[in-house]
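Below is one structure; the comments refer to it alone.
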């Protein structure tokens, strides 16, 4: 098992445990993605990096029994989570498959639309993944995906890493390494989409707010969801990690109110078509 796959297998249970929490935060992202894709009854929709599957399942409802959702993820544990969720909802038009988005095991021009929430920026080669996406789409087929904006616009996901870098415990990451904020540059997204063979992209900012009772809940949720946080934990000594955690809490203190901790974030939804 590759290190990257091992990390995602390790947090799959946490993503299932926090499914409702994440959907409460991000349902606006997923709903807008599906609305932009506009799945039609009878269509075949491919979801890449489906995770727990909530976004794709919205599309499954719209395409109806004559349509097919192919929900994919490169993590078998994530696929098991998504399968359980679709079974809970009684959806029988969903096929679940373990699949690498950089080498999609589907024929050319075989799907009408593709969804991908927060996936491309985590892939080793997003350009290859986008080219593969274009290949499997029918001419004129739609792609709707989301990425996070830059780290400064998303303190919920960057505070601990910034703290560790500030103390010199780790080096600043390679800006092109897989990570949540890797595609935060709008112009880079436009360039990747065009190079893969798509029409000019429409990019829409979607603000989100991550709400927690307090920092302790934030830390517990982050530990469940973040493979990068767990990687950092393994790199630092206990004392270093505790110091970085304390600094992260101070960075997030401006977002504390009587109602708890409300940390802003900025997501970007992208819509394009195969040329």
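The values are calculated or read from the model by the stated rules, or taken from the named source; none is laboratory data. Values in this document were obtained by computation on a predicted structure and should not be read as measured data. Note that we place each Cβ from the backbone using ideal geometry, even for glycine, and neighbour counts take in every protein chain shown.
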Open item on the list: Please pick out the residue among 94, 136, 147, 111 that is touching a strand residue (DSSP E or B) at 6+ places or on another chain (Cβ under 7 Å), in contact (Cβ under 8 Å) with a residue 12 or more places away in the chain and over 26 Å from residue 28 (Cα atoms).
Closed with: 136
Open item on the list: Testing residue 60 on (1) more than 15 Å from the chain's Cα centre (by Cα); (2) assigned to a loop (DSSP other than H, G, I, E, B); (3) free of Cβ contacts under 8 Å to residues at least 40 places away in the same chain, one condition comes back false. Which one is that?
Closed with: (2)
- [ ] Run residue 210 past the list (1) within 20 Å of the chain's Cα centre (by Cα); (2) crowded, with 16+ Cβ neighbours inside 10 Å; (3) part of a loop (DSSP other than H, G, I, E, B) and report the number of the one that doesn't hold.
- [x] (3)
Task: Positions within region 213-228 being farther than 23 Å from residue 7 by Cβ and assigned to a helix (DSSP H, G or I), in sequence order - done: 215, 216
Task: Selection count where residues are surrounded by fewer than 21 Cβ atoms within 10 Å (Cβ to Cβ) and either within 16 Å of the chain's Cα centre (by Cα) or not in a loop (DSSP other than H, G, I, E, B) (or both), scope region 87-98 - done: 5
TODO: Scan 81, 72, 133 and give me the residue that is within 21 Å of the chain's Cα centre (by Cα), outside any helix (DSSP H, G or I) and crowded, with 17+ Cβ neighbours inside 10 Å.
DONE: 72
TODO: Hey, can you tell me all the residues within region 184-207 that are part of a strand (DSSP E or B) and under 24 Å from residue 141 (Cβ atoms)?
DONE: 198, 202, 203, 204, 206
Task: Check on residue 273, touching a strand residue (DSSP E or B) at 6+ places or on another chain (Cβ under 8 Å), surrounded by 13 or more Cβ atoms within 10 Å (Cβ to Cβ) and either closer than 30 Å to residue 141 by Cβ or free of Cβ contacts under 8 Å to residues at least 24 places away in the same chain (or both) - done: yes
Open item on the list: Among the listed residues 178, 173, identify the single one that is modelled with pLDDT under 95, in a loop (DSSP other than H, G, I, E, B) and either buried (at least 17 other Cβ atoms within 10 Å of the Cβ) or under 14 Å from the mean Cα position of the chain (by Cα) (or both).
Closed with: 178
TODO: Within region 31-52, track down each residue that is part of a helix (DSSP H, G or I), touching a residue at least 24 places away in the same chain (Cβ under 8 Å) and surrounded by fewer than 22 Cβ atoms within 10 Å (Cβ to Cβ).
DONE: 31, 32, 36
TODO: Could you please give the count of residues in region 1-27 that are closer than 18 Å to residue 263 by Cβ and surrounded by 14 or more Cβ atoms within 10 Å (Cβ to Cβ)?
DONE: 7
Task: Residue identified as more than 22 Å from the chain's Cα centre (by Cα), surrounded by fewer than 19 Cβ atoms within 10 Å (Cβ to Cβ) and farther than 25 Å from residue 13 by Cα among 243, 235 - done: 243
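This table checks each residue for (1) farther than 22 Å from residue 17 by Cβ; (2) in contact (Cβ under 8 Å) with a residue 60 or more places away in the chain.
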| site | (1), (2) |
| --- | --- |
| 153 | yes, yes |
| 157 | no, yes |
| 165 | yes, no |
| 174 | yes, no |
| 199 | yes, yes |
| 208 | no, yes |
| 211 | no, yes |
| 231 | no, yes |
| 240 | yes, yes |
